[in-house]
Amino acid sequence: MHWLVDDALIDGAELSVARMTLKEDACSESHGHPNCNEVVHLIQGTVEQSVGAERFVMQAGDTAFIPRGSLHRSRNVGRGEATMIVCYSAGSRIYEAAGESEHGER
């Protein structure tokens, strides 16, 4: 992830924006953000987005909303890299891998 905006870069931003690149066949781990909603906008490639039990394929130009606390992951199912803009409704999002706290504790 390449952070473009967050509270660490801009004091009081109150939102976070990053560019994320997934290599071919790569998949992010299942995780959630208990303190914010997330919006994923796919710029390039084809990604299978999982949100809870729902799975759907995103093509370049598609946008997905991920509610606060929902377990989700992104998997590149296309050829070449997939590039996304990811936005969070908090300036400092909490990241929790499935079954772990933000500090990696179970």
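The values are calculated or read from the model by the stated rules, or taken from the named source; none is laboratory data. What you see is a predicted model; the values in this text were computed from it and never measured. Don't worry about glycine lacking a Cβ; one is built from the backbone with ideal geometry, like all the others, and counts go over all protein chains shown.
Here are some notes:
- Filter result for Leu71 (touching a Ser or Thr at 6+ places or on another chain (Cβ under 9 Å), free of Cβ contacts under 8 Å to residues at least 60 places away in the same chain and surrounded by 16 or more Cβ atoms within 10 Å (Cβ to Cβ)): yes
- Search result, residues across region 38-77 that are polar (S, T, N, Q) and more than 19 Å from Met1 (Cα to Cα): Gln59, Ser70
- The set of residues from region 19-35 being out of contact with any Leu (no Cβ under 8 Å at 6 or more places or on another chain) and under 16 Å from Trp3 (Cα atoms) comprises Met20, Thr21, Leu22.
- Selection status of Met1, modelled with pLDDT under 95 and under 14 Å from the mean Cα position of the chain (by Cα): yes
- Subset of region 74-93 that is surrounded by fewer than 16 Cβ atoms within 10 Å (Cβ to Cβ) and not small (Gly, Ala, Ser) - its residue that is farthest from Ile43 (Cα to Cα): Arg79
- Positions within region 40-61 being in contact with a Leu (Cβ under 8 Å, 6 or more places away or on another chain) and exposed (fewer than 15 other Cβ atoms within 10 Å of the Cβ), in sequence order: Gly52, Gln59, Gly61
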